[in-house]
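Below you'll find the structure, written out as structure tokens, and then a few comments.
The values are calculated or read from the model by the stated rules, or taken from the named source; none is laboratory data. As the structure is a computational prediction, the values presented were derived from the model and not from experiment. Heads up, the Cβs are rebuilt from the backbone with ideal geometry, glycines too, and the neighbour counts pull from every protein chain shown.
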Amino acid sequence: MTHPTHIAVPTTPTAPTPYAGYLMVGHSDETHQIHAMLSEGSDPTRWTALNDGHGIVTSTMGEEGIRDPHLVRSPEGTYYLLGTDLDIRRTERPGMQGSFWDWLGRHGSRSINIWESTDLVTWSPQRQVEVSPPTAGMAWAPTAVWDAAVEAFLVIWSARIYADDDPAHEREGVHRLLASHTRDFRTFTDPVDWGHPTRSTIDALVVAVDGAGTAVAPGAAPAVGELSYLRFIKDEAAGIVFAERSGDLHAASWEPVSASVTAGTETGIVEGPLAFQSFTDGAWHLWVDEYTGADRGYVPFRAASPDVERWEPVHDYSFPGKVKHGTVIALSEEEYARLRE
């Protein structure tokens, strides 16, 4: 790994095309594959399973299980699909002591899974990249945001960090977010601590917006005002997702936006936030993965702007079964038609 301050790669941004619908990718606890669903046209509340409900990619490396997928489009039009290297069906591990999840946080995979595609139908062979350092117990829930300052993606993931003098990870670790730059999702800079200064944090999702609160695509310039970032993060200790804002992806502290995006609602402990903007009315949609209480999986919320204190729950929606931790992206007319076929 290296430490470049700028990763120079010639880019040829593709021209924007009219959008026709949305694609969502998420994981299944039962199959340990990545599954996908397609919106009913431009309606972000009505969804149909793709591929007859079967998975679209399967892991054959490392743990041979994949979770927490994140789908991102490069400025050149290549899609990258990232995911956690983990199979929770294998509940017995060599030398395991204590609880299953505690053991995974100490001795889990430090690599992430990666696929790429130019058409969202045909995917490249799987590859794995070790991104977490030896002091980390795992590398979970990778996400990516375009860092305009260095013209590269900043990949952010969850880890539990242990002291340098605890190579066996026997003492207590701390939940931190780590981050690394990449331009090709093959070579990554050395990871840096990207966690909150005072909170125990995992599952970060970052969206870039312009001065009017409109989403800015990777490599694009803000249409109004200056570029800024909203990040939605799970407070692991509190079991809530909070939101912050900053004009600098690497600021030591961010401006508080929402203490809890589910405040005032009957929602259990949540994680795995995803957010996207409607291409029809400009509203923002935020989904959080509920895994206690009613244990519904993704629960959708809505707001006129991404930087609101309170998000309103969406009560009238239709998913093809339980949907968990993933990503929603808007599709061009060509992409939407191809996936419908």
| query | Say we look at region 252-290 and pick out the residues that are in a loop (DSSP other than H, G, I, E, B) and touching a His at 6+ places or on another chain (Cβ under 9 Å); which of these is farthest from Glu236 (Cα to Cα)? | reply | Ser278
| Unique residue being touching a residue at least 60 places away in the same chain (Cβ under 8 Å), closer than 29 Å to Leu104 by Cα and either in contact with a Leu (Cβ under 8 Å, 6 or more places away or on another chain) or surrounded by 14 or more Cβ atoms within 10 Å (Cβ to Cβ) (or both) when the list is Leu38, Leu71, Leu50 | Leu71
| request: Could you run through region 128-156 and say how many residues are in contact (Cβ under 8 Å) with a residue 60 or more places away in the chain and in a strand (DSSP E or B)? | output: 13
| Hits in region 89-120 (condition: farther than 20 Å from Glu172 by Cα and modelled with pLDDT of 95 or more) | Ser111, Ile112, Asn113, Ile114, Trp115, Glu116, Ser117, Thr118, Asp119, Leu120
| query | Can you tell me which residues in region 106-119 are closer than 26 Å to Glu271 by Cβ and in a loop (DSSP other than H, G, I, E, B)? | reply | Gly108, Ser109, Arg110
| note | By residue number, the members of region 36-78 that are among the basic types (Lys, Arg) and farther than 26 Å from Pro313 by Cα are Arg73
| query | Do you know which residues across region 288-331 are among the hydrophobic types (A, V, I, L, M, F, W, C) and free of Cβ contacts under 8 Å to residues at least 40 places away in the same chain? | reply | Ala294, Val299, Ala303, Ala304
| task | Could you grab me the full set of residues in region 78-103 that are of a type in the set (Gly, Ala, Ser), surrounded by fewer than 16 Cβ atoms within 10 Å (Cβ to Cβ) and either under 26 Å from Val155 (Cβ atoms) or touching a Phe, Trp or Tyr at 6+ places or on another chain (Cβ under 9 Å) (or both)? | result | Gly95
| request: Please find, within region 221-237, the residue that is surrounded by the most Cβ atoms within 10 Å (Cβ to Cβ) out of those that are over 18 Å from Thr143 (Cα atoms) and without any contact (Cβ under 8 Å) to a residue 24 or more places away in the chain. | output: Pro222
| field | Failed item, numbered, when Ala159 is tested on (1) at pLDDT 95 or above; (2) among the small types (Gly, Ala, Ser); (3) surrounded by fewer than 20 Cβ atoms within 10 Å (Cβ to Cβ); (4) farther than 30 Å from Glu333 by Cβ | value | (3)
| task | Determine, yes or no, whether Arg245 is among the charged types (D, E, K, R), closer than 16 Å to Ala159 by Cβ and either in contact with a strand residue (DSSP E or B) (Cβ under 6 Å, 6 or more places away or on another chain) or in a loop (DSSP other than H, G, I, E, B) (or both). | result | no
| request: Filter region 168-219 for residues that are among the small types (Gly, Ala, Ser), under 17 Å from Ser132 (Cα atoms) and surrounded by 14 or more Cβ atoms within 10 Å (Cβ to Cβ) and give the result. | output: Gly173, Ala179, Ser180, Gly195, Ala204
| note | Flagged in region 185-219 as in contact with an Asp or Glu (Cβ under 9 Å, 6 or more places away or on another chain) and either β-branched (Val, Ile, Thr) or in a loop (DSSP other than H, G, I, E, B) (or both), in numbering order, are Phe185, His196, Arg199, Ser200, Thr201, Ile202, Val209, Asp210, Gly211, Gly213, Val216, Gly219
| How many residues are surrounded by 13 or more Cβ atoms within 10 Å (Cβ to Cβ) and over 12 Å from Val308 (Cβ atoms) when one looks only at region 261-290? | 20
